[in-house]
1. Name every residue in the stretch 13-51 that is part of a strand (DSSP E or B) and among the basic types (Lys, Arg), in order of residue number.
2. Yes or no: Asp286 of a type in the set (Asp, Glu), modelled with pLDDT of 95 or more and in a loop (DSSP other than H, G, I, E, B)?
3. Are any of the residues in the stretch 206-221 at pLDDT 90 or above and charged (D, E, K, R)?
4. Does Asp286 qualify as being within 23 Å of Leu241 (Cβ to Cβ) and either surrounded by 22 or more Cβ atoms within 10 Å (Cβ to Cβ) or in contact (Cβ under 8 Å) with a residue 40 or more places away in the chain (or both)?
5. Take the residues in the stretch 82-97 that are more than 16 Å from the chain's Cα centre (by Cα) and surrounded by fewer than 18 Cβ atoms within 10 Å (Cβ to Cβ); name whichever of them is nearest to Tyr334 (Cα to Cα).
6. Quick check on my filter: what residues within the stretch 236-246 are assigned to a helix (DSSP H, G or I) and without any contact (Cβ under 8 Å) to a residue 60 or more places away in the chain?
Amino acid sequence: MLVITNARIYTMAGPVIEKGTVLIDKGKIVEVGAGVDIPSKAEVVDLGGNTLTPGFIEAHSHLVAHDWITAGSALDSGSGGQGGLGPAATADIDYYYNFDPHHRHLEDARIAGVTTALIRPGSGKVINGIGFVTKTYGKTRAEMILKRPDGIKLALGENPKRNFGGQGKIPSTRMGSAAVLRDALAKAQNYRTAWERYQAKNREYLEAQDDCNGEEATKAPKPPATDRGLELLVRMLDGELPARVHAHRADDIMTALRIADEFGFRVTIEHATEGHKIANEIAARDVPCIVGPSFTSRGKVELRDRTFATAGILERAGVKVAITTDAGVVFIGYLRTCASLAYRHGLSEEGALKGITLAAAEIIGVGHRVGSIEPGKDADFAVLDGHPLELTTRVIKTYIDGKEVYDAATYKEPWERQGYTT
C-alpha cells in the first residue's frame, strides 16, 4: 500500500482538504481525508504541505502524431482513405494504429502532470475516424487504453473545405460539408434498416427450420454486405458513440447542432471558438464543449474572434466545459496555463480546475475512472508547489495508477541523459 500524506488536496469531488491523506492499494484510491489511519506496513510519502490534484486531462489532442503527419497524408487530408462513403467520409480510420506508447509527447505530458489524454484523427475530412482515451504512461498500447473508441471525429468549417477545395472536389464549401455528412448519415440509416430486415427474415427462417418436420426447408436469407464505416455510424446514430465535432465558427456549430437534432445523435463541440456567441443554443441542447486552443494567434479566418472569455460565458449559460491545448497544435505543457488564462477571463476557479480534471473526464467518457480524488478511482494525480492556477506553480511529481512517473528533483532531459552539458 502507498500513503500520500500532509497534502493540500483538491479532490474535485468536494471541498479542499487541508493536511489530507490519500491511501492507495493496487493502483486504486482506497480512502481520502484528513484523518486517514496509516497502515503500519504502507510506504509513506510526505508532501510537506504541497498541493495534490487529480492528474490533468487533455480532452482533445493529436499527441504522438503531428510530427509525422503531413498535409498529404491519408489520415489528415483528402488524398487517401477511399472508404465506401468517399474520401471525405472515412469513419473507420482508427487512430489507435498510429499510437506510439513510447513517444516523447507522452513524456512531455507527464512532466506537466497530464495523466490522461484523448487522442484522435485530425480534421481534414468531414468524417475523420475514431480515437481513444489513454493514460500517458505504460509499456504497451493495450495496457494504457481507457476507452476505445471514444466517439467519431467529424469536422466542419475551413479544414475540410480547404482540403478538398484545393483538389476541385466536394466539399469545397460549407454547403458541401453538410451535404457529405447528411448523405453519410442517411446511408447509415439505410444500412441499419437493411440489417434489421435481414435479422427479422433470418429469425423467420430459423423458426421455419424448426417447424418443417422433414419437409422442404425455406431458403436462408442473404445478409447485406458489411461496411465497417457504416457500422460505426450506426453506433453513433444509436447513441452508443458520440459525434466529436470540430467546429470553430458559430454558424458551423449551429450546423452541427441542427444535423444532430435531425438525426438524433449525441454530440460534443470541439474547439467552440465562437461558442460564446450562441451559448444559449448550446446549453439548450445540453451539449458539452471542449474549448481551445485559445493560446494561439488569429492566423486562421475562423479564429478572428478567439478569446479566453469563451469558456466562462459557456459556463455561465450552463454548458459543461473542458479546456484543450489541441496538442500538438499547442504544447501539452501549457494545458494548465490555458485553464489559468480562462480563469483570468471569467471562468470560475472550480470550472477552470474541473475543465482539466473531472469535467474533462466526464465529457470524454472516463469520469468513472479518473478526474477526481475519490475512493475506487485510479490513483492518478499531480503534486504541485502552489495553487494549480498560479502560472508560476510547478508540477513536482506525477503519479499514474499509484506509480511515480515523474519527479522534478531527479528528472533529466534526453539531452542531459546523453551526456550533453551547457
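The values are calculated or read from the model by the stated rules, or taken from the named source; none is laboratory data. Predicted model only: the values in this text are computed from it and were never measured. Backbone-built Cβ (ideal geometry, glycine too); neighbour counts: all protein chains shown.
1. Scanning the stretch 13-51 gives Lys19, Lys28.
2. Taking the combined requirement at face value, the residue satisfies it.
3. Looking for residues that are at pLDDT 90 or above and charged (D, E, K, R), one finds none in the stretch 206-221, hence no.
4. Numbers: within 23 Å of Leu241 (Cβ to Cβ): yes; either surrounded by 22 or more Cβ atoms within 10 Å (Cβ to Cβ) or in contact (Cβ under 8 Å) with a residue 40 or more places away in the chain (or both): no.
Taking the combined requirement at face value, the residue does not satisfy it.
5. Tyr97
6. Leu237
Residues are listed down the side, and each one gets a yes or a no for (1) within 26 Å of Phe132 (Cα to Cα); (2) crowded, with 16+ Cβ neighbours inside 10 Å; (3) among the charged types (D, E, K, R); (4) in contact with a Gly (Cβ under 9 Å, 6 or more places away or on another chain):
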site	(1), (2), (3), (4)
Gly176	no, yes, no, yes
Val180	yes, yes, no, yes
Glu196	no, no, yes, no
Glu204	no, no, yes, no
Pro223	no, no, no, no
Val245	yes, yes, no, no
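Every residue, every condition in (1) surrounded by 24 or more Cβ atoms within 10 Å (Cβ to Cβ); (2) modelled with pLDDT of 95 or more, yes or no:
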{"position": "Ile127", "(1), (2)": "yes, yes"}
{"position": "Ile145", "(1), (2)": "no, yes"}
{"position": "Arg148", "(1), (2)": "no, yes"}
{"position": "Gly151", "(1), (2)": "yes, yes"}
{"position": "Leu156", "(1), (2)": "yes, yes"}
{"position": "Lys161", "(1), (2)": "no, no"}
{"position": "Phe164", "(1), (2)": "yes, no"}
